[in-house]
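The values are calculated or read from the model by the stated rules, or taken from the named source; none is laboratory data. These figures come from a predicted structure and were not determined experimentally. FYI the Cβ positions are ideal-geometry reconstructions off the backbone, even for glycines, and counts take in every protein chain you see. Just the protein is used for accessible areas: all its heavy atoms, side chains included, with ligands, DNA and RNA removed. Shrake-Rupley method; radii C 1.70, N 1.55, O 1.52, S 1.80 Å.
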Amino acid sequence: MSESVESVDLIKLPVSQLTLGMFVSAIDKHDQGQLAIANAGQIKHRDAISRLTQSGIKYVWVDTERSADHCGFKKKASNNSQLESKKSSLTREKQQAQAKEILTQAKDLIRKVLSETFEGKAIEVAPFGALADSMIESALLDADALKCMSALRSKDAYLLEHSVNVAFLLVTFGKYLKLDRSMLREMAIGGILHDIGKIKVDNKVLHKPGKLTPEEFEHMKLHQVFAIDILNEAKGLSQMSKDIGLMHHEKLDGRGYPLGLKEDQIPLHGRMSCIVDIFDALTATRCYKEAMSPAAAFKILLSLTPFHLDQELVYEFIRCIGVYPVGSLVELSDGRVGIVWTSKDRDALHPIVKCFYSLKAKRYTDIIMVDLLKSELNIERGISPSSLDIDPTPFY
């Protein structure tokens, strides 16, 4: 999709000065001026710069406002009216398409880094920073769209999807706790990389379709030991991002791993990562288990307090995500099944639900948006996708 190049935020730069994270909106042709390009976006890999050079392009137009913070451009002071204007100009359909693109880019980047790490190459942090910025912007504009897209899971892509979802959940939780944007960015990077050590775990153990033996579990725990060296070799990776990667299996009582940290030795962002990692693992479909409903996962999180997880933070997380999170499936009091579609500016029990199936009639229904603030219906229960005989994926 071509992007408009009529923007006061565009500056003309020689291709030789491009860096990762810059948002290229147009190329410059001497005879034709600015030409919008179909694949406008942030530069994620140096290969993109090389392709521009090989194509004989000497100058491009860079959108400073949409470039990553580390590029060093002076940004306009953001204000609520600008954000609201941007929100209103985007339809939910377009927002979901953008969210899907972000998640696809994230999985592609993680897949690439896992491969390079396996070959012994050090992690290049800059592309993750650009990805984190896109994720944060999407969450600030319309968190519901990103939540819906991240709810789509495949048991064959668990490691990739889990890493992306942990990052997004950390951003969502951090935003709810009113943490500043720089912290959200570092937590997102840490979330994306938090399971990087698993690349060195034996595949037979990593993908075993059943419960691990004590010996296999001890081997699995080594992924945290492997992660220490991998993350320390990543130049430019902040301590906070490293903490996310190295603390998500620690416990408040000191019985976690790899360092056996306890109480105040685990900072806020480390405690958040423990909660988010467990929640996403419980609500994901795995090769050896079906996905659990969010409500059931919340019960388990609470059962792990206060010795393993921070009790106050768990309650805050539940309030942040909501009893019926956007993207989750629910049954209404009339027997219809739907996707929790919109929750912004609503209480937890009255979201907008996208209904598409009847449990009573066991058939698909007309797709209808039910606003529970204006309906006599209510949510009967949250349900897991595995409890249905049909695939809800096409309705997201």
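Sum up the charges of everything whose Cβ sits under 9 Å from the Cβ of Tyr357, counting Lys and Arg as +1 and Asp and Glu as -1, but leave Tyr357 out. The partial results should precede the final answer.
On the way: positive: Arg336, Lys362, Arg363; negative: none.
The answer is +3.
What does the charge count near Lys262 come to, summing +1 for each Lys or Arg and -1 for each Asp or Glu among other residues with Cβ under 14 Å from its Cβ? Can you show the working numbers first?
On the way: positive: Lys251, Arg255, Arg271; negative: Glu250, Asp253, Glu263, Asp264, Asp310.
Once all neighbours under 14 Å are counted, the net charge is -2.
Given labels modelled 7 Å from the Cα in the Cβ direction, how far is it in nm from Asp47 to Ser16?
2.6 nm
Give a residue-ordered list of calculated ³J(HN,Hα) values for the range 61-71 (Karplus: 6.51 cos²θ - 1.76 cosθ + 1.60, θ = phi - 60°; whole Hz; x for Gly, Pro).
Computed from phi, the couplings for the range 61-71 are 10, 10, 8, 5, 5, 9, 7, 5, 4, 6, 6 Hz.
Using the alpha carbons of the range 108-192, what is the convex hull volume per residue in cubic angstrom, as a whole number? Working shown, then result.
Working: hull volume 7.1 nm³, N = 85.
It comes to 84 Å³ per residue, whole-number rounded.
Are there trypsin sites (Lys or Arg not before Pro) in the range 307-396 that DSSP puts in a loop and that have at most 15 other Cβ atoms within 10 Å, and which ones?
Numbers: sites: Arg319, Arg336, Lys344, Arg346, Lys354, Lys360, Lys362, Arg363, Lys374, Arg381; in loops: Lys344, Arg346, Lys360, Lys362, Lys374.
Qualifying residues, ordered by number: Lys344, Arg346, Lys360, Lys362, Lys374.
Report the equivalent ellipsoid semi-axes for the range 322-396 in whole Å, largest first, defined as the square roots of five times the eigenvalues of the gyration tensor built from alpha carbon atoms. Write out the running numbers ahead of the final one.
On the way: eigenvalues 68, 33, 24 Å².
Square roots of five times the eigenvalues give 18, 13, 11 Å.
Can you give the accessible area of Val225 in Å² (nearest 10), computed on protein heavy atoms with a 1.4 Å probe?
Ignoring ligands and nucleic acids, Val225 comes out at about 70 Å².
Relative contact order, percent, of the chain when contacts are C-alpha pairs under 8 Å separated by at least 6 residues? Working shown, then result.
Details: 652 pairs, mean separation 43.7, N = 396.
Computed value for the chain: 11 percent relative contact order.
Which far-off residues, 5 or more places away or on another chain, put their amide H under 5 Å from the one on Glu380, with H placed in the peptide plane?
Sorted by chain and number, the residues that satisfy this are Glu331, Leu332, Ser333.
For Tyr357, list long-range residues whose amide hydrogen, built 1.01 Å from N in the peptide plane, is under 5 Å from its own amide hydrogen.
Counting only residues 5 or more places away or on other chains, the set is Val337, Thr365.
Pairs to check: Lys200/Lys242; Lys94/Lys242; Lys235/Lys262; Lys94/Lys147. Give those whose C-alpha atoms are more than 22 Å from each other in this structure.
Numbers: Lys200/Lys242 18 Å; Lys94/Lys242 34 Å; Lys235/Lys262 28 Å; Lys94/Lys147 14 Å.
As for pairs spanning more than 22 Å Cα to Cα, those are Lys94/Lys242; Lys235/Lys262.
Looking at the chain, what % of the alpha carbon pairs are farther apart than 37 Å? Provide the component values of the computation, followed by the final result.
Numbers: 20419 of 78210 pairs.
For the chain, the fraction of Cα-Cα distances above 37 Å is 26 percent.
Here are some pairs, Lys299/Lys354; Lys100/Lys121; Lys221/Lys289; Lys44/Lys211; which of them have Cα atoms lying more than 31 Å apart in this structure?
Working: Lys299/Lys354 26 Å; Lys100/Lys121 28 Å; Lys221/Lys289 20 Å; Lys44/Lys211 38 Å.
Those over the limit are Lys44/Lys211.
Students often check this: by mean Cβ neighbours within 10 Å, which of 194-202, 19-27, 303-311, 114-122 ranks highest, and how do the rest follow?
Numbers: 194-202: 20.4, 19-27: 22.4, 303-311: 15.8, 114-122: 12.4.
Highest mean packing first, the order is 19-27, 194-202, 303-311, 114-122.
Give me the net charge of Phe217's neighbourhood, meaning all other residues with Cβ under 11 Å from the Cβ of Phe217; Lys, Arg count +1, Asp, Glu -1.
That works out to 0.
Determine ³J(HN,Hα), in whole Hz, for all residues of the range 176-192 in sequence, where each value follows from phi through the Karplus function 6.51 cos²θ - 1.76 cosθ + 1.60 and θ = phi - 60°; x replaces Gly and Pro.
For the range 176-192, the Karplus-derived couplings read 4, 7, 6, 6, 6, 4, 5, 5, 4, 5, 5, 5, 4, 4, x, x, 4 Hz, x marking Gly and Pro.
Can you compute log10 of I(q)/I(0) for the range 240-396 with the Debye formula, treating each Cα as one identical point scatterer, at q = 0.10, 0.11, 0.14, 0.19 Å⁻¹?
Cα-only, vacuum Debye calculation for the range 240-396: -0.44, -0.52, -0.75, -1.10.
Taking amide hydrogens as modeled 1.01 Å from N in the peptide plane, which residues meet the under 5 Å criterion relative to Leu388, leaving out close sequence neighbours?
Amide H to amide H, under 5 Å and 5 or more residues apart or across chains, Leu388 pairs with nothing.
Give the Debye-formula value of log10 I(q)/I(0) at each listed q (0.20, 0.24 Å⁻¹), with one equal scatterer per alpha carbon of the range 242-292, two decimals each.
-0.66, -0.81
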